[in-house]
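My questions all concern the structure below.
The values are calculated or read from the model by the stated rules, or taken from the named source; none is laboratory data. Computed from a prediction, not measured in an experiment: that's the story for all the values here. Backbone-built Cβ (ideal geometry, glycine too); neighbour counts: all protein chains shown.
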Ligand SMILES: [Zn+2]
């Protein structure tokens, strides 16, 4: 199938189908009950263990006592990447910050274990590239390494210097269900017209795209870099675009942008050591468009500290459930 025919088939999705699957129309509580810890204690016990001869006590009598129900937790911003790339990214950071500042090692397997130990049920792993020619191979690695993983939801990336439509179609064919673009690392503007094939596909297929705006090597987004995102969000109002770090430190401007563009979302991922400075009032009415993220392993905070910050905001239980899992699960349903 040629690129053109793939493109045409995606564009030809009926708008009604896209509208009916719109992330804005789903219930906030979609994730409730999906946590194994939420299982009904009256569930019938499973069959006796093999080889028990039927004489063993029912399995439910052997179960440890149930503690309080643990809320489901989805980390929508991690970078579980190939070891060489992970080491290179850590090498970049330790030019500015000593290595022992980071509580987690850069290796993906160690990060996955740390996330699980902290109670994370699922995480999105977001790849990004510095230059053209790298995205396709990295996307293939993401699909092969994590495609069958019950915890890690692998993302894809594009660089505007590549044939973006071809790279995006290849990623979707590999089963990847979300994208990340990193304007600072890739040294491009979000308004680059060569990214339009990505927005077309995100819009037609309701594919989330996490956007790291800005060009600062510190990871910061400046307020004057947000208008490029507004232009894209207005041109593709059905594309679920997620502003990483809520545009920190341009958070007031990021919040205002979310209020102007109803299709836009944001994550509350810290920048290195700085949690996102928001209050419950700031998030009022936006609860269905905010995601939880840690930025593992490129973060100087522990997962529990990032979680503690969110819990300290005093959000309603419904808003907290939406931000900690429901919104991410609605955008990319668990496999
Ligand atoms: Zn990140």
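Return a yes/no flag: does the stretch 95-107 have any residue that is outside any loop (DSSP other than H, G, I, E, B), surrounded by 16 or more Cβ atoms within 10 Å (Cβ to Cβ) and within 15 Å of the ligand (Cβ to nearest atom).
no
While we're on this one: If the requirement is being more than 18 Å from residue 182 (Cβ to Cβ), touching a helix residue (DSSP H, G or I) at 6+ places or on another chain (Cβ under 7 Å) and surrounded by fewer than 21 Cβ atoms within 10 Å (Cβ to Cβ), which of these qualifies: 237, 277, 317?
Step by step, each of 237, 277, 317 is checked, and only 277 is more than 18 Å from residue 182 (Cβ to Cβ), touching a helix residue (DSSP H, G or I) at 6+ places or on another chain (Cβ under 7 Å) and surrounded by fewer than 21 Cβ atoms within 10 Å (Cβ to Cβ).
Looking only at strands (runs of 3 or more DSSP E) that lie completely in the stretch 144-233, which have at least 1 residues being over 16 Å from residue 81 (Cα atoms) and modelled with pLDDT of 95 or more?
209-212
Rundown of residues vs (1) in contact with a helix residue (DSSP H, G or I) (Cβ under 6 Å, 6 or more places away or on another chain); (2) touching a residue at least 60 places away in the same chain (Cβ under 8 Å); (3) within 26 Å of residue 330 (Cβ to Cβ), yes/no style:
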{"residue": "130", "(1), (2), (3)": "yes, no, no"}
{"residue": "136", "(1), (2), (3)": "yes, no, no"}
{"residue": "148", "(1), (2), (3)": "no, no, yes"}
{"residue": "159", "(1), (2), (3)": "yes, no, no"}
{"residue": "163", "(1), (2), (3)": "no, yes, no"}
{"residue": "166", "(1), (2), (3)": "yes, yes, no"}
{"residue": "182", "(1), (2), (3)": "no, no, yes"}
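Out of the stretch 296-312, which residues are crowded, with 16+ Cβ neighbours inside 10 Å and either under 18 Å from the mean Cα position of the chain (by Cα) or in contact (Cβ under 8 Å) with a residue 60 or more places away in the chain (or both)?
296, 297, 298, 299, 300, 301, 303, 306, 307, 310
Right, another one. Determine whether the stretch 65-86 contains at least one residue that is on the phi < 0 side of the Ramachandran plot, outside any loop (DSSP other than H, G, I, E, B), more than 16 Å from the ligand (Cβ to nearest atom) and at pLDDT 90 or above.
Among the residues of the stretch 65-86, at least one is on the phi < 0 side of the Ramachandran plot, outside any loop (DSSP other than H, G, I, E, B), more than 16 Å from the ligand (Cβ to nearest atom) and at pLDDT 90 or above, which makes the answer yes.
On the given criteria, is residue 285 under 30 Å from residue 235 (Cα atoms) and part of a loop (DSSP other than H, G, I, E, B)?
Yes: the conditions hold for residue 285.
Tell me, which residue of the stretch 191-217 that is touching a residue at least 40 places away in the same chain (Cβ under 8 Å) and under 18 Å from residue 293 (Cα atoms) is nearest to the ligand (Cβ to nearest atom)?
Across the stretch 191-217, the extreme among qualifying residues is 212.
Right, here's the next one. Would you pick out the residues in the stretch 207-227 that are surrounded by fewer than 19 Cβ atoms within 10 Å (Cβ to Cβ) and touching a helix residue (DSSP H, G or I) at 6+ places or on another chain (Cβ under 6 Å)?
215, 223
Taking the stretch 234-250, which residues are within 16 Å of the ligand (Cβ to nearest atom) and not in a loop (DSSP other than H, G, I, E, B)?
Correct list: 241, 242, 243, 244, 245, 246, 247, 249.
Just the residues that are in a helix (DSSP H, G or I) and either within 16 Å of the ligand (Cβ to nearest atom) or surrounded by fewer than 20 Cβ atoms within 10 Å (Cβ to Cβ) (or both), please, taken from the stretch 252-270.
252, 253, 254, 255, 256, 259, 260
Still on this structure: Residues that are touching a strand residue (DSSP E or B) at 6+ places or on another chain (Cβ under 9 Å), at least 2 per element: which helices (runs of 4 or more DSSP H) completely within the stretch 289-335 meet that?
In the stretch 289-335, 303-311, 327-331 are the helices (runs of 4 or more DSSP H) which contain 2 or more residues that are touching a strand residue (DSSP E or B) at 6+ places or on another chain (Cβ under 9 Å).
Kindly list the number of the only condition in (1) surrounded by 20 or more Cβ atoms within 10 Å (Cβ to Cβ); (2) part of a helix (DSSP H, G or I) that fails for residue 129.
So residue 129 meets the others, but not (2).
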